[in-house]
Structures are given as structure tokens and as C-alpha cells.
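Chemist: Just passing along the structure, written as C-alpha cells.
We did not get these values from a lab; they are worked out from the coordinates using the rules stated. The shown structure was predicted, so the numbers you read here are calculated from the model rather than taken from an experiment. With ideal geometry, Cβ positions are generated from the backbone for all residues, glycine too; neighbour counts draw on all protein chains shown.
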Amino acid sequence: MSVYYEHIPVMLEECMDGLITDANGIYIDGTLGGGGHTHELLSRLGQKATVFGVDQDDQAIAAASARIGDDHRFKILKGNFGYLSTLLPPQFIGQVSGILLDLGVSTHQLKEAERGFSFQQEGPLDMRMGGFTGLTAYEVVNSYDYERLRDIIFHYGEEKASRKIAQAIIAARPIETTQELSAVIREVVVPKFQIKSLARVFQGIRIEVNQELEVLKQVLEQSIQILAPNGRLVVMSYHSLEDRLVKQMMKNGNFEGRLEKDFYGNPVRPLKPIYRQVITPNEEEVERNPAARSAKLRIAEKIGGPDS
Ligand SMILES: C[S@@+](CC[C@H](N)C(=O)[O-])C[C@H]1O[C@@H](n2cnc3c(N)ncnc32)[C@H](O)[C@@H]1O
């Protein structure tokens with residue numbers, strides 16, 4: 001394993017404030033990463049608390065374990081959070097005080113050249129966050145048809161020059177490495193916006209490789225069963241499509257914006273947003289940690305407790 005670069009936890013204070021309702025409760029950090037949020041969470045919880053740390057990435061688990069050390073309250077669950085309800089031992093379903101999700105990749109993953117996430121370093125076209133099975137960036141780049149590639153670049157990458165870039169990729173096949181892909185993109189985008197375009201295309205491919213929107217939908221749906229009444233769901237996203245899913249789920253309990261009603265016509269919602277507005281990092285945090293700049297934090301509470 002190469003050098004471990006520390007990931008700076010984003011909106012740490014805001015996440016902790018939103019998450020903790022019971023100092024001796026059961027918590028899940030669904031995106032353990034370098035363990036930044038979990039480390040702080042443990043420091044604020046009592047001796048009877050339990051914190052499950054989930055990650056699909058062995059390197060993240062190793063880094064977080066080293067940071068947290070020996071703590072009887074901390075338990076690792078290795079796997080994809082899209083299967084959270086099966087990763088979690090069944091006796092904890094419906095008992096959890098808070099679930100935290102800090103989506104996307106960690107600084108650690110971005111800086112590991114051989115993972116293929118970075119457009120700045122030479123590496124294989126991989127981009128898989130967990131395990132070594134499943135779709136790779138190589139397959140997306142070298143085998144998707146024009147329409148699919150264009151749509152991924154446009155929707156997941158939010159890159160306007162998606163048509164030109166998809167055409168250039170197809171014309172340059174086979175593309176073997178991250179730097180070859182970067183060179184193809186550089187050729188067709190305006191020099192002034194090159195870095196942004198590169199970041200967007202790589203992000204789009206990464207979202208496709210890891211099926212990030214699908215697994216997010218799965219975990220958001222499962223969180224309702226996993227949380228105890230009045231338990232908190234705290235989600236930090238870095239992409240407008242993710243934030244939209246989180247917002248819809250917290251507001252209506254589904255992704256379509258459908259308001260369910262009971263027999264008497266009263267709205268039935270499984271979750272209640274804690275704040276009306278999305279929370280974003282302040283200027284000082286963005287200056288200290290530019291990776292935080294696009295973060296959007298939303299917090300909701302599961303309805304069903306005596307106070308709801
Ligand atoms: C932004 S980092 C989390 C950083 C962490 N909060 C910290 O402060 O150190 C996101 C982490 O979530 C993991 N991750 C992303 N999607 C996942 C998924 N579907 N299942 C499990 N882990 C996932 C990534 O491997 C990465 O380590």
C-alpha cells in the first residue's frame with residue numbers, strides 16, 4: 001500500500017450536531033473513509049455506544065482502523081452501503097440512532113494513482129471503489145456506445161461539451177490509461193476550462209463505474225427500516241443529482257416527489273427534514289479545505305417517536 005494521505009472531514013461540527021441524539025446510542029458511518037467523522041463521533045459518545053463503520057474499500061478500512069485504534073465501541077462492516085440492511089446484524093435493525101453518509105471518494109483514493117480516479121496522475125482506467133470485481137472505467141471508455149457515453153458525461157459529469165468529448169473518445173479507442181484519456185479530452189475542450197472539464201468527465205465515469213446513484217437510492221430506502229424512531233439520517237453529497245435524491249427522500253419518502261396520504265387524506269412521511277435549507281460549508285472551511293466546496297448537507301429525522 002502506498003502513502004496514506006489524510007482526508008479532511010467535511011462539515012464535522014454540523015454533521016455531529018445533526019447526528020447525535022443519544023450519547024449511548026447505535027450509529028452507522030456508512031462511508032468510513034479515513035475515519036475522520038467516526039473518530040470525532042467516538043470522542044463525543046459514551047462508553048455504551050456502538051459505531052459501525054462501513055466501507056467497501058480495503059485501504060480506507062485499514063487507514064480508518066489505524067486512526068481509531070483499539071476501541072470496543074467501533075465495529076467494521078466491509079461492503080457496499082447499498083446493502084446496508086444485510087451488512088448490519090439483524091438485531092440492530094430499527095435500533096439505530098443515526099446514519100451518516102459522506103458520499104463520493106476520499107482524498108486518499110484520489111491520490112492513489114493506481115486506482116485510476118485522478119486525471120492528474122498516470123494510472124490504469126479502473127475507478128472501482130471496492131473489491132476488484134465489476135465494471136471498470138476501461139470498459140466504460142472503450143466499449144460504451146456514443147449515446148451512453150455522451151449521457152454519462154453530460155448527466156453524471158455535468159459537462160456541456162459531452163458530445164465532442166464522447167466522439168473524441170470513440171475515435172481514439174483503445175484508450176489504455178488515465179493520461180491517454182486526459183489527452184483526448186484536452187484536445188477537444190477550451191484550454192481555459194480544461195481542468196474543470198477533466199474533473200467532470202472523470203467524475204461522470206466514476207459515478208457510472210460505481211453505480212453511485214443506484215446504491216444511494218438503495219441505502220436511503222433501507223435507512224427508514226434501520227433507524228429507530230427519531231433516529232437521524234445525515235447525508236453529505238457533492239453532486240446535484242445525489243442531492244436531489246437525498247432531498248426528495250427526506251421530504252416525501254420517495255424519489256418521485258409523490259406525497260403519500262393515509263385513508264383520511266393526511267400526508268404520510270417516513271422522515272422529517274430538520275432544516276428547510278441545505279447546509280453548505282462556510283468560507284473559512286472552503287479556504288482551509290477546497291475539497292469541501294461543493295458539499296451539501298441534509299439532515300432528517302425518522303418519524304414515529306413520541307415527539308414526532
Ligand atoms: C468522502 S469519503 C468519506 C470520508 C470520511 N467521512 C472521513 O472523514 O474520513 C467516502 C468513502 O465512502 C466509501 N464509499 C463510497 N461509496 C460507497 C459504497 N457504495 N459503499 C461503501 N463505501 C462507499 C469510499 O470508499 C470512501 O472511502
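Chemist: Which of the residues belonging to the range 196-234 are touching a strand residue (DSSP E or B) at 6+ places or on another chain (Cβ under 8 Å) and over 16 Å from V54 (Cα atoms)?
Modeler: I224, A228, P229, N230, G231, R232
Chemist: Still on this structure: Of all residues being surrounded by fewer than 18 Cβ atoms within 10 Å (Cβ to Cβ) and small (G, A, S) in the range 235-290, which is nearest to V105 (Cα to Cα)? Just the residue, please.
Modeler: Among them, the one singled out is S240.
Chemist: Of the numbered conditions (1) free of Cβ contacts under 8 Å to residues at least 60 places away in the same chain; (2) over 15 Å from I207 (Cβ atoms), T178 fails exactly one; give the number of that condition.
Modeler: Among (1) free of Cβ contacts under 8 Å to residues at least 60 places away in the same chain; (2) over 15 Å from I207 (Cβ atoms), the lone unmet condition for T178 is (1).
Chemist: I'm trying to understand the selection: among the residues of the range 184-220, which are touching a Phe, Trp or Tyr at 6+ places or on another chain (Cβ under 9 Å) and acidic (D, E)?
Modeler: Passing the criteria: E208, E212.
Chemist: Here is a follow-up. Would you confirm whether any residue within the range 195-210 is farther than 30 Å from F92 by Cα and loosely packed, with under 15 Cβ neighbours inside 10 Å?
Modeler: The answer is yes; a qualifying residue exists.
Chemist: Residues of the range 10-31 being within 12 Å of the ligand (Cβ to nearest atom) and acidic (D, E), which ones?
Modeler: Across the range 10-31, the qualifying residue is only D29.
Chemist: For a quick check of your reading: which strands (runs of 3 or more DSSP E) sit entirely within the range 191-308 and have at least 2 residues that are of a type outside the set (F, W, Y), within 20 Å of E13 (Cα to Cα) and out of contact with any Gly (no Cβ under 6 Å at 6 or more places or on another chain)? Step through it out loud before you land on a result.
Modeler: On the way: elements: 227-237, 271-273, 296-302.
Answer list for the range 191-308: 227-237, 296-302.
Chemist: Name the helices (runs of 4 or more DSSP H) wholly inside the range 35-112 in which the number of residues that are within 12 Å of the ligand (Cβ to nearest atom) is 3 or more.
Modeler: Answer list for the range 35-112: 36-44, 58-68, 107-111.
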